[in-house]
Every structure is written in structure tokens, then in C-alpha cells.
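The values are calculated or read from the model by the stated rules, or taken from the named source; none is laboratory data. Please read all numbers here as calculations on a predicted model, not as lab measurements. With ideal geometry, Cβ positions are generated from the backbone for all residues, glycine too; neighbour counts draw on all protein chains shown.
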């Protein structure tokens with residue numbers, strides 16, 4: 001289920017329409033319905049409130065003024081995956097640096113030419 005501060009994509013006519021952030025979810029007068037305050041990440045930003053039921057918050061289709069809409073959550077990488085990805089990038093950079101410093105077997109050492117030094121001459 002979509003929760004407060006989640007980033008979502010609002011699909012309009014079965015096509016991605018705009019991104020938004022869920023600001024508030026408050027119970028409505030009707031049971032099992034919710035007042036959902038949405039910040040549309042458009043230019044200029046817009047804030048509006050839709051009254052939705054549980055199914056619509058979970059990605060079911062609905063209409064407003066005859067226009068078909070659907071709210072889909074944006075997938076986000078968990079913090080651990082982001083940290084692993086960053087460490088992989090760093091280790092990949094280290095491997096690249098090592099490859100530059102140490103020539104492969106059977107290859108002679110190549111000289112690195114600085115373009116900055118070359119311009120000064």
C-alpha cells in the first residue's frame with residue numbers, strides 16, 4: 001500500500017502522466033475511504049486532495065471526471081543496495097587504477113602523457 005512520503009507516478013489514460021509525492025493520508029467520513037493529499041511534482045508544483053478507497057491506493061484503476069487514472073509506486077533501491085552499488089563502483093575504479101599502474105603480462109609499460117603538460121609546451 002502507498003504510504004506518506006512515497007513517490008508515485010500518476011497514470012492518466014493508461015500512460016505515465018506525472019510524478020507526485022503523497023503528503024498526507026487521512027480517514028474520510030465514509031468507512032474504508034481516505035483523503036489523500038498529493039504534491040504533484042510539476043512546474044509549478046500543485047497540491048490537491050483525492051478521496052480514494054483501499055483498492056485505489058493499491059494501484060486499482062479509477063476515474064475522476066471521466067478520465068481514467070491509476071497510482072503506481074515508484075520502485076526505490078533500498079539503502080543497502082545503494083551502498084553495495086557505490087562500493088562496487090569504487091572497487092571498479094580501484095581496479096581501473098591498478099590496471100593503469102600495472103601493465104598486463106607480456107605487455108610493456110605504457111607512458112601516460114598529461115594533456116595539461118602538453119598544452120604548456
Identity of the residue in segment 23-56, surrounded by 15 or more Cβ atoms within 10 Å (Cβ to Cβ) and touching a helix residue (DSSP H, G or I) at 6+ places or on another chain (Cβ under 9 Å), that ends up nearest to residue 3 (Cα to Cα): 25
Would you confirm whether any residue within segment 57-75 is surrounded by 14 or more Cβ atoms within 10 Å (Cβ to Cβ), farther than 21 Å from residue 5 by Cβ and at pLDDT 95 or above? yes
Is it true that residue 121 is exposed (fewer than 11 other Cβ atoms within 10 Å of the Cβ), out of contact with any strand residue (DSSP E or B) (no Cβ under 6 Å at 6 or more places or on another chain), modelled with pLDDT under 70 and more than 30 Å from residue 13 (Cβ to Cβ)? yes
For segment 14-35, name all the residues that are under 14 Å from residue 72 (Cβ atoms) and over 15 Å from the mean Cα position of the chain (by Cα). 14, 15, 17
Every pair of residues 6+ apart whose Cβ atoms lie under 7 Å, when the first sits in segment 3-17 and is in contact (Cβ under 8 Å) with a residue 60 or more places away in the chain while the second is part of a strand (DSSP E or B) and surrounded by fewer than 15 Cβ atoms within 10 Å (Cβ to Cβ): 7/19; 8/72; 9/16; 9/19; 9/72; 10/18; 11/72
